[in-house]
Amino acid sequence: MIAGLIFATEPAEDRGEALAATLPFGGMTLLEYQARLLIAAGASHMMVAVARVTPALLGAVNRITRRGVAVDIVRSAEEAAARAHPLASIIVIADSLVTTEPAVRAIAGAQPDTLMVTTDSATPAAVERVDAEHVWAGLASLTSARLAEIAAMPRDYDFQSALLRVSVQGGAAQLMLPGSAKRAGHGVVRHPAQLASRSNAVLAALANSRVDWPDRFVFTPISRLALPQMVTRGVPGWAVIAAAALIVTGGIAAILYGYVTAGLVAIVVAIALLSTGSLLSWLRGDDSRARLQEIAIAAAAGTGALLTGLATSWAEGNATALTLALGLFVAVAIAERTMVRGPLWWGSPSAYLLLLVPFVLAGFATIGLVVAVLYAFATLAAAVEVLRQKA
């Protein structure tokens, strides 16, 4: 099993008695964001190491427990050792560390007793030096035995620093900090203004984590601009879904009344909104709402393609376009059912709709459906081949 150990002892800069861990970050507190990353990496138990308990810290801990994980507040290594499962792999996050999901997943997948390090001692990612060439980057995967070793030491030792020293002396392996995490702003931040700036960098990295070409080249640039604004203004997740539903309804009505181009453009706008809203929900720990919006993206794209085929067949007086749209729908449904994710060129529900839009704008909707169907069957064939190789 995986457990998390988050240090939350240092005060925030220019915030009086407030803890750095309780500063706002990405629409939540920094502590909640760190816990969100640990949960995504598979942690089912969390320990928060504190020197003092503030109302803001208690509120953050209570919100974390609503995500279905057990959370213990510990004041010493003895308490942490007593609460940790003896067979658990413990993922440690340094005090006030801002990082990304890929970095946490990387350390979670490493063997126990591994430190994530960097060679740049001047970077904010440098928490504490471990040898002549490397400094600790604030993430570690340790065994419960390390906590027991610290518990046997005098209580006046700094918990976080002592844990690092014991790990180094025990011959812990070293894992280099991913370059993507460094570019996304991985590092220790305790000033509110700097943390707000770093939040935007992490949000941009979150948007860049998607791999489909529609996300990378169309929706991600939109999300990178919109997501920080949504977080800053506290836009609720339900408002994004409601707005997208309203736009999709308008788009469907436009297509049914013969305004196919306007309707398709409206549906693409709604998909862009849902794409950003899905990231926003994930960031806030609302996985069910994030999944709902991902499903809604596929449903909106499929509905747009089917109605385009229906409207085109109606206008042309034959069933060609509708038949093509139905073929596209079936091919995409089977390809998505394979649950296989491939290279950048592979199609996705939103990809087929984006491919169809320029043909509709040019007045060649039927040709656009032919191209989309061929693209969908090429993706389906590639997915089947991948499954055959795995069998």
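The values are calculated or read from the model by the stated rules, or taken from the named source; none is laboratory data. As the structure is a prediction and not an experimental result, all values here were calculated from the model. Backbone-built Cβ (ideal geometry, glycine too); neighbour counts: all protein chains shown. What goes into the accessible areas is simple: the full protein's heavy atoms, side chains included, and nothing from ligands, DNA or RNA. Shrake-Rupley method; radii C 1.70, N 1.55, O 1.52, S 1.80 Å.
Before moving on, here are some points about what is shown:
- Accessible area per residue (1.4 Å probe, heavy atoms of protein chains only) ranks Y157, Y257 as Y257, Y157, with the largest value leading.
- Surface composition of segment 1-123: carbon and sulfur make up 51 percent of the accessible area, probe 1.4 Å.
- Net charge dipole, the chain: roughly 520 debye, given to the nearest 20, about the Cα centre with Cβ charges of +1 for Lys and Arg and -1 for Asp and Glu.
- Neighbour cut-off at most 12 other Cβ (10 Å), DSSP loop, chymotrypsin sites (Phe, Trp or Tyr not before Pro), segment 263-345: W345
- Cut-off of 10 Å, at most 11 other beta carbons, DSSP loop: longest stretch of the chain lacking such trypsin sites (Lys or Arg not before Pro): 156-340
- Listed residue (L115, T143, A381) projecting farthest to the positive dipole end of the chain, Cβ model: A381
- Model label points for R15 and D158, set 7 angstrom from Cα along the Cα-to-Cβ axis, are 2.0 nm apart.
- For the chain, the longest principal axis of the alpha carbon atoms and the long axis of helix 30-40 meet at an angle near 70°.
- The listed residues H134, H186, H85 rank as H85, H134, H186 when sorted by accessible area, largest first, using a 1.4 Å probe.
- For M176, residues with placed amide H under 5 Å, excluding near neighbours: V117
- Each principal axis of the Cα cloud of the chain was evaluated for its coordinate range; sorted largest first, these ranges are 86, 49, 36 Å.
- On the beta carbon distance between L87 and A262, with R0 = 51 Å, the FRET formula returns roughly 0.30.
- Alpha carbon convex hull of segment 208-253, projected area averaged over orientations, nm²: 3.9
- Positive end of the dipole of the chain (Cβ unit charges, origin at the Cα centre): among G263, L58, A21, the Cα lying farthest that way belongs to G263.
- Note on W314 and T65: the extension gain reaches 84.2 nm, defined as 0.36 nm multiplied by sequence separation minus the Cα-Cα distance.
- Semi-axes of the equivalent ellipsoid for segment 277-361, computed as √(5λ) from the eigenvalues of its C-alpha gyration tensor and ordered from largest down, come to 28, 14, 11 Å.
- For segment 158-276, the Cβ-based charge dipole about the Cα centre amounts to some 340 debye (Lys, Arg positive; Asp, Glu negative; other atoms uncharged).
- Folded to 0 to 90 degrees: helix 192-208 orientation relative to the chain principal axis, Cα: 40
- For a label point 7 Å along the Cα-to-beta-carbon line of W345, residues of segment 364-385 with backbone N under 14 Å: 375-383
- Three-way shape call for segment 2-150 based on the alpha-carbon gyration tensor, with the a/c threshold at 1.5: rounded
- Per-residue SASA remark: D158, around 90 Å² accessible (1.4 Å probe; ligands, DNA and RNA not included).
- By a 1.4 Å probe calculation restricted to protein chains, E385 has an accessible surface near 80 Å², given to the nearest 10.
- For segment 116-157: relative contact order, % (alpha-carbon pairs under 8 angstrom, 6 or more apart): 32
- Once both labels are positioned 7 Å from their Cα atoms along Cα-to-Cβ, the gap between V330 and Q194 label points is 6.1 nm.
- Taking the C-alpha atoms only, the angle from helix 159-169 to the longest principal axis of the chain is near 90 degrees.
- Across the options P154, G234, L195, the greatest Cα extent toward the positive end of the charge dipole of segment 126-242 (unit charges at beta carbon of Lys, Arg, Asp, Glu) belongs to G234.
- Computed extension length for L306-Q229: 24.3 nm, one decimal, from 0.36 nm per residue of separation with the Cα-Cα distance subtracted.
- Put a dot 7 Å past the Cα of A362, heading toward its Cβ, do the same for A145, and the two dots end up 6.6 nm apart.
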